[in-house]
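Student: Quick one: structure below, then a few questions.
The values are calculated or read from the model by the stated rules, or taken from the named source; none is laboratory data. On a predicted model such as this, the values are computed, not experimentally measured, just so you know. Positions of Cβ are backbone-derived with ideal geometry, glycine not excepted, and every protein chain shown enters the neighbour counts.
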């Protein structure tokens, strides 16, 4: 029987295995404060005392700050639509103040950044680009910022703008911003080793952009640097899970890009190391089970690309078992942020497993895995047309197989 030819399939988001820390830094969750300040006032009390943020006779600068605080308090308790209304009003208040006094432009920049954050949280990513870009421009233009303060101010809108352009499939627009972000983080890491973790994340992000632009050799260089930084951090903090988690993410990315470049011998070792790192982490921290499954899947894919179906099958089967235990409709809290959550990972793993089964002369198992993958891709394509190509590809090779004989069924 001829070998099934397994081509690596690249999906937007696959490479972003260390992006959770970026999102946490730039897009605060329900328990985090917005970028301008931490709020200590209870949201319910603040909402009652500042209805709509408007109180007649209040000083304009005080009113703008009160609106900012109200938006932050509403955001922190998950009342995002109300936070959006208050944040829009805060931006307009800061804009009027900045028109009269240029020294207020930094407050306007912070307010615009917060508006972008709330829009992103509500899923309005295209709408978030304009206020985030305006905030970045204001920070760049303000001569009062010194080097350290400028780096800190520029970092958050730069991160978010890179991510927004990437999500909108605009890697050309995102790349120069990512280059600037890397330079900022390199300077910061040279002064403070604690900034190396952020530099590692940014290198992973820029590698994603290089891949999207078919510049995989440059992606490989960024990822090798990211792995070196992550490994050093993990060695410095051997009992801390976060550095090992970051190391695993960079290793998985390195494996994926090595496959893209046809360096199949170089794709297996980082995938194997990532799986070895994540297995004990997932046992100690069950919320990382999805990441462990992704590592097993990547290891199986790397072996399959080498043509070693016998080594590919066990990790793929284990990955399928783990992925089936996860809620496919639930939010992904893993390293990678996938559009379909775990269903996307399960579909790809099943597709690879079907090809491996075929190579190992297991037609019944191959067809079952292939048909399950097709159903998952069909479901995903209902909400995201990008999966239609996966549907067509999987359907094509399923229909090309001969029918099973009674003995094979």
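Student: Report the residue count in segment 351-397 for those that are free of Cβ contacts under 8 Å to residues at least 40 places away in the same chain and either part of a loop (DSSP other than H, G, I, E, B) or in contact with a strand residue (DSSP E or B) (Cβ under 7 Å, 6 or more places away or on another chain) (or both).
Tutor: Result for segment 351-397: 1.
Student: Continuing with this model, one more query. Considering only residues that are in a loop (DSSP other than H, G, I, E, B) and free of Cβ contacts under 8 Å to residues at least 24 places away in the same chain, look in segment 212-255 and name the one that is surrounded by the fewest Cβ atoms within 10 Å (Cβ to Cβ). Outline the logic, then answer.
Tutor: Of segment 212-255, the ones in a loop (DSSP other than H, G, I, E, B) are 213-215, 237-240.
Checking which are free of Cβ contacts under 8 Å to residues at least 24 places away in the same chain leaves us with 214-215, 237-240.
Working: 214: 9, 215: 14, 237: 12, 238: 8, 239: 6, 240: 11.
In this case the residue turns out to be 239.
Student: Can you run down the residue pairs with Cβ atoms below 8 Å, 6 or more apart or on separate chains, where the first is in segment 93-112 and more than 16 Å from residue 154 (Cβ to Cβ) and the partner is surrounded by fewer than 17 Cβ atoms within 10 Å (Cβ to Cβ)?
Tutor: Close Cβ pairs satisfying both conditions: 93/60; 96/60; 97/60; 97/61; 103/144; 104/61.
Student: Still on this structure: What's the total number of residues in segment 244-258 that are more than 10 Å from residue 298 (Cα to Cα) and touching a helix residue (DSSP H, G or I) at 6+ places or on another chain (Cβ under 6 Å)? It would help to see each step written out before you state the result.
Tutor: Filtering segment 244-258 for residues more than 10 Å from residue 298 (Cα to Cα) gives 244-251, 254, 257-258.
Those left that are additionally touching a helix residue (DSSP H, G or I) at 6+ places or on another chain (Cβ under 6 Å): 244, 246-248, 250-251, 254, 257-258.
Residues in segment 244-258 being more than 10 Å from residue 298 (Cα to Cα) and touching a helix residue (DSSP H, G or I) at 6+ places or on another chain (Cβ under 6 Å): 9 in total.
Student: Hey, could you check segment 283-295 for residues that are free of Cβ contacts under 8 Å to residues at least 40 places away in the same chain and under 19 Å from the mean Cα position of the chain (by Cα) and say which is surrounded by the most Cβ atoms within 10 Å (Cβ to Cβ)?
Tutor: Once the filter is applied, the top-ranked residue is 292.
Student: Next question. Looking only at segment 317-338, decide whether some residue is within 22 Å of residue 266 (Cβ to Cβ), outside any loop (DSSP other than H, G, I, E, B) and at pLDDT 95 or above.
Tutor: yes
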